[in-house]
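The structure appears below as structure tokens.
The values are calculated or read from the model by the stated rules, or taken from the named source; none is laboratory data. Note that this is a predicted model, so its numbers are computed, not measured. Ideal geometry is used to build each Cβ from the backbone, glycine not excepted, and the neighbour counts take in all protein chains shown. Side chains are part of the model used for accessible areas, which takes the heavy atoms of the whole protein and leaves out ligands, DNA and RNA. Shrake-Rupley method; radii C 1.70, N 1.55, O 1.52, S 1.80 Å.
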Amino acid sequence: MARFAAGVVVVTTLGEGGLPRGFTASSFCSVSLHPPLVLVCLANSADSFGAFASCGHFAVSVLGPEHRPLAERFATKGADKFASDGLSRTPGGLPAVAGALVELDCETHARHPAGDHTILIGQVSGARLGEGARTPMVYYERSFRFLA
């Protein structure tokens, strides 16, 4: 699957006590237009797994190449993912990536076990487009890249 180019997103929520939690994913896609559903796959071993196993809402930030340091930080197990700048809040108060190409608010619709991952399905309740049509970041051959 390393030869399949995929978009890169950061997925965030608030865990116990309002603690922000999040992860980087390249397994993200649209599921349905009516109702608007998206899915993202989360490793069961992820630091943030517990928060996403019980959250009612989450946010998805679609990344551009300028977000590479954030993508790497959110992909690093044990990293303090919310320690630095580059983040903002959605209208609903969830953490998100500032300047993302697209920002989605999702209500948790379903969770499905799938091997060593969980498929998290969200119903999109809000969407905001970043300014201008910019180049997306992709993950290919185990590296973050961008389209020319």
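Which numbered condition in (1) at pLDDT 95 or above; (2) in contact with a strand residue (DSSP E or B) (Cβ under 7 Å, 6 or more places away or on another chain) is the only one that SER26 fails?
(1)
Is it true that SER61 is of a type outside the set (Val, Ile, Thr) and open to solvent by less than 10 Å² (accessible area, probe 1.4 Å)?
Numbers: of a type outside the set (Val, Ile, Thr): yes; open to solvent by less than 10 Å² (accessible area, probe 1.4 Å): yes.
Spelling it out, SER61 is indeed of a type outside the set (Val, Ile, Thr) and open to solvent by less than 10 Å² (accessible area, probe 1.4 Å).
Which ranges mark the strands (runs of 3 or more DSSP E) fully within the stretch 34-148 that have 1 or more residues being basic (Lys, Arg), at pLDDT below 95 and within 12 Å of the chain's Cα centre (by Cα)?
Answer list for the stretch 34-148: none.
Of the residues in the stretch 8-38, how many are touching a residue at least 12 places away in the same chain (Cβ under 8 Å) and open to solvent by less than 40 Å² (accessible area, probe 1.4 Å)?
Residues of the stretch 8-38 that are touching a residue at least 12 places away in the same chain (Cβ under 8 Å), as a first pass: 8-16, 19-28, 31, 35-38.
In the following step, the residues that additionally are open to solvent by less than 40 Å² (accessible area, probe 1.4 Å) were identified as 8-13, 15, 20, 22-25, 37-38.
Summing the residues that are touching a residue at least 12 places away in the same chain (Cβ under 8 Å) and open to solvent by less than 40 Å² (accessible area, probe 1.4 Å) in the stretch 8-38 gives 14.
The rows are residues; the columns are (1) open to solvent by 70 Å² or more (accessible area, probe 1.4 Å); (2) of a type in the set (A, V, I, L, M, F, W, C); (3) under 26 Å from GLY50 (Cβ atoms).
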residue: GLU72; (1), (2), (3): yes, no, yes
residue: LEU87; (1), (2), (3): no, yes, yes
residue: THR90; (1), (2), (3): no, no, yes
residue: ALA110; (1), (2), (3): no, yes, yes
residue: LEU120; (1), (2), (3): no, yes, yes
residue: VAL124; (1), (2), (3): no, yes, yes
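Of the conditions (1) farther than 19 Å from LYS77 by Cβ; (2) touching a residue at least 12 places away in the same chain (Cβ under 8 Å), SER45 fails just one. Which one is it?
Failed condition: (1).
Please go through the stretch 126-146 and pick out each residue that is exposed (fewer than 14 other Cβ atoms within 10 Å of the Cβ) and among the β-branched types (Val, Ile, Thr).
The answer is THR135, and nothing else.
Of all the residues that make up the stretch 36-74, how many are under 21 Å from LEU147 (Cα atoms) and among the hydrophobic types (A, V, I, L, M, F, W, C)? Don't jump to the end; show me each part of the working.
The first filter runs over the stretch 36-74 and keeps only residues under 21 Å from LEU147 (Cα atoms), leaving 60-72.
If we keep only those that are among the hydrophobic types (A, V, I, L, M, F, W, C) too, we end up with 60, 62-63, 70-71.
Residues that pass the stated criteria total 5.
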